[in-house]
Structure formats: structure tokens, C-alpha cells
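Below: one structure, written as C-alpha cells.
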Amino acid sequence: MEVAETIVKEKIPHRHPITIMVWTNEEGSLYPPALMSSGVVCGKFNKELMFASKNPKGETFGQALERSGYRGEQVNRLNPKDYKAMIELHIEQGPILEEAKKDIGIVQGVLGMVNYRIKTFGQSDHAGTTPMKNRKDALLAAASAIKYLHSELDKLPDDLVYTTGEIICHPCVHTVIPDYVDFSLDARHKDPEVINKVVSIIENMPKKFDSCKVEYKKAWSRDTEYFDKHLVSLVKEKTDEYGYSNMEIYSGAGHDAQFVSDIIPTTMIFVPSVNGHSHCELEYTPIDLCLKGANAVSYTHLTLPTKRIV
């Protein structure tokens with residue numbers, strides 16, 4: 001918005017029309033999946049299935065969109081015929097830029113990732129009457145499985161990141177031994193060979209921990225998405241020209257830009273996150289760094305070549 005407002009207010013000449021994109025439901029927290037609208041526009045998701053996605057209260061995404069009053073027309077969609085390129089400005093959501101004391105991240109692409117659901121099966125019994133030697137505790141087994149996975153994954157390159165961010169425990173009652181646990185494992189790296197090694201570790205893990213059966217299932221995966229090299233170079237050129245310190249970086253988080261890059265040339269620009277915090281109340285980027293990011297976007301937009309980038 002700052003870029004567009006400045007161009008209009010200052011009557012800055014530009015070579016082509018500029019459109020501001022606001023993608024609905026990028027996070028997918030209430031209505032999964034993430035990147036929903038960019039996924040529909042870019043042919044990744046079926047529109048009707050997305051409309052049917054429900055929040056925890058049972059309301060569909062389609063109902064919420066109608067209620068919002070912002071359901072658009074298909075004729076207005078982003079498309080390769082009418083649009084030359086897309087540049088997305090974002091906070092880094094991590095500590096790399098700040099630790100390197102850089103103003104701008106020149107984003108090369110979005111890391112590939114794989115997501116598994118891992119389940120442990122035990123036996124529910126009374127917490128006060130069942131001797132420890134007789135127990136089949138699915139939560140204990142899940143903890144052992146997580147520790148095992150961490151120890152094995154830590155043997156891979158140290159720029160691999162992996163997370164267990166969701167655990168479902170049944171019956172989740174303080175007086176009952178858990179009989180079932182379902183947890184997630186999310187792993188991300190730019191090299192597909194490293195991701196393949198992650199998959200091998202998961203699929204060759206022991207089939208029992210603490211007398212409980214263990215099962216796994218791949219939930220979904222994505223390959224590393226590399227952004228348009230000419231756009232990336234242009235961002236680097238303009239950032240250097242205006243004296244902003246910068247470095248190459250990959251995004252570990254998913255962004256709408258990764259889908260858009262399949263239909264038009266696309267790249268991203270990152271600004272630092274204080275202490276690397278994101279998705280929490282401590283998320284913050286100083287205004288002077290936000291300004292540098294906005295300048296990097298505007299400088300790049302205003303010097304885009306008149307022909308399609310390839």
C-alpha cells in the first residue's frame with residue numbers, strides 16, 4: 001500500500017499498471033489449507049472443495065466469504081496474459097537477517113518440505129491401579145518416538161529444520177493412561193536429497209516403542225520453489241544501488257508467492273524480524289526496516305523491463 005500510495009501521491013512515472021494483491025486465507029488457520037486463494041487461482045486447489053472447508057464451529061469458507069462481502073469475480077484473477085510479475089514483501093519470520101546485520105533478504109525461493117502424521121497405539125487403563133510394568137502408554141511411546149526422530153534427524157545437515165507442532169492425545173483425561181496419540185512431524189530443506197533422507201528415517205523407524213505399536217502416514221509434501229532468477233537479480237541490483245545491506249536467503253515458511261511463481265515471474269523481499277519472533281505477540285520489525293523493504297519493492301517495480309521477464 002505504501003508503494004502504491006507514494007507512486008500516486010508523488011505522481012511518479014511508471015512503465016506499466018500496478019495491482020495490489022491481497023490473498024484471502026493465506027494462513028489457513030480457521031479454514032484449511034494454507035495458501036487457499038492463491039492455490040485456487042494458480043490451479044493447485046479445487047475452488048468448490050475450498051468453499052466447503054470448515055472451521056471448528058462448522059461454518060464453511062464459502063459461507064464466511066459471502067458474509068464478508070468480498071467474494072470477487074473470476075474475471076479479475078491474476079493471470080499470465082495481463083500480469084508481468086509479482087513481488088511480495090514480507091518479514092523474514094526468523095533470526096537470520098538480524099544476526100547477520102542485514103537490512104534486506106534477497107529471497108531465492110521457498111524450501112521444500114514434507115509433513116507426516118505419526119500415531120502410537122496403547123491401552124487405556126486406570127492411572128491409579130495399573131502397575132508401571134503393565135502399562136502400554138501411548139503418550140510415553142510418542143515421546144520416545146519423538147526423541148528417536150530428533151536424534152536421527154540431527155545427524156543430517158544442520159540447516160534442516162523440523163518440528164512437532166501438533167499432538168492429539170486420547171482420551172486426554174488425567175486419571176486415564178493414554179491409548180492413542182497422533183502427532184505431526186514437519187521437516188524443511190532446499191535439497192530434495194535431504195528431504196528423502198528425512199523420509200527414510202521416518203519410514204524406517206522402529207515399529208514399536210514402550211510396548212506400543214507405531215504407524216506413520218505422509219500427509220503432504222512440496223518441492224523447493226525457486227523464484228525467477230532475473231527478478232531476483234533485479235532486486236539485488238536495486239538494493240545494492242540504494243546502499244541497503246543484503247544477503248541471499250531462502251524462505252522456510254510457505255507464501256502465496258510460491259504458487260504464483262508457477263504462472264508468472266515472481267520473487268520475494270524479506271525484512272528482519274526482531275529476535276526472529278513470528279506467529280506470536282513478540283513479532284516486530286522496526287519502521288525504518290519496513291521503509292527499506294518498501295523502497296526495495298518500489299525501486300524494483302519502477303525499473304521492471306517493458307517486456308515479459310523470462
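The values are calculated or read from the model by the stated rules, or taken from the named source; none is laboratory data. None of the values given here were measured: they were computed from a predicted structure. Cβ sites come from the backbone with ideal geometry, for glycine too, and all protein chains shown count toward neighbours. Only protein heavy atoms, including side chains, enter the accessible area calculation; ligands, DNA and RNA are left aside. Shrake-Rupley method; radii C 1.70, N 1.55, O 1.52, S 1.80 Å.
Among the residues of the range 48-66, those that are farther than 13 Å from T24 by Cβ and either in a strand (DSSP E or B) or without any contact (Cβ under 8 Å) to a residue 24 or more places away in the chain (or both) comprise E48, L49, A52, K54, K57, G58, E59, T60, Q63. Checking each residue in the range 1-25 for being outside any helix (DSSP H, G or I), crowded, with 16+ Cβ neighbours inside 10 Å and touching a residue at least 40 places away in the same chain (Cβ under 8 Å) picks out W23, T24. The requirement of being open to solvent by less than 30 Å² (accessible area, probe 1.4 Å), out of contact with any helix residue (DSSP H, G or I) (no Cβ under 9 Å at 6 or more places or on another chain), at negative phi and hydrophobic (A, V, I, L, M, F, W, C) is not satisfied by A127. The conditions of being open to solvent by less than 70 Å² (accessible area, probe 1.4 Å) and part of a helix (DSSP H, G or I) are not met by A34. Tallying residues that are out of contact with any strand residue (DSSP E or B) (no Cβ under 6 Å at 6 or more places or on another chain) and under 10 Å from L160 (Cβ atoms) within the range 190-204 yields 3. Pairing each residue of the range 215-234 that is more than 18 Å from D256 (Cα to Cα) with any residue that is surrounded by fewer than 18 Cβ atoms within 10 Å (Cβ to Cβ) and of a type in the set (A, V, I, L, M, F, W, C), provided the two are 6+ apart or on different chains, yields C-beta distances under 6 Å for H230/I309. For the range 157-207, the candidate set comprises residues that are closer than 14 Å to N115 by Cβ and among the polar types (S, T, N, Q); within that set, the residue that is least open to solvent (accessible area, probe 1.4 Å) is S184.
In the range 131-155, of all residues being charged (D, E, K, R) and part of a helix (DSSP H, G or I), the one that is surrounded by the fewest Cβ atoms within 10 Å (Cβ to Cβ) corresponds to K133.
K236 falls short on exactly one of the conditions (1) surrounded by fewer than 21 Cβ atoms within 10 Å (Cβ to Cβ); (2) in contact with a Gly (Cβ under 8 Å, 6 or more places away or on another chain), and that condition is (2). Scan the range 164-179 and give yes if some residue there is in contact (Cβ under 8 Å) with a residue 60 or more places away in the chain, outside any loop (DSSP other than H, G, I, E, B) and more than 30 Å from Y250 (Cα to Cα), otherwise no. Checked the range 164-179: no residue is in contact (Cβ under 8 Å) with a residue 60 or more places away in the chain, outside any loop (DSSP other than H, G, I, E, B) and more than 30 Å from Y250 (Cα to Cα).
Of H279, H301, which residue is surrounded by fewer than 16 Cβ atoms within 10 Å (Cβ to Cβ), in contact (Cβ under 8 Å) with a residue 60 or more places away in the chain and either at negative phi or not small (G, A, S) (or both)? It is H279.
The combined condition, being more than 22 Å from T266 (Cα to Cα) and not hydrophobic (A, V, I, L, M, F, W, C), is not fulfilled by K238. Please specify each residue of the range 64-94 satisfying the condition of being aromatic (F, W, Y) and either touching a Gly at 6+ places or on another chain (Cβ under 6 Å) or surrounded by 13 or more Cβ atoms within 10 Å (Cβ to Cβ) (or both). Selection gives Y83 alone.
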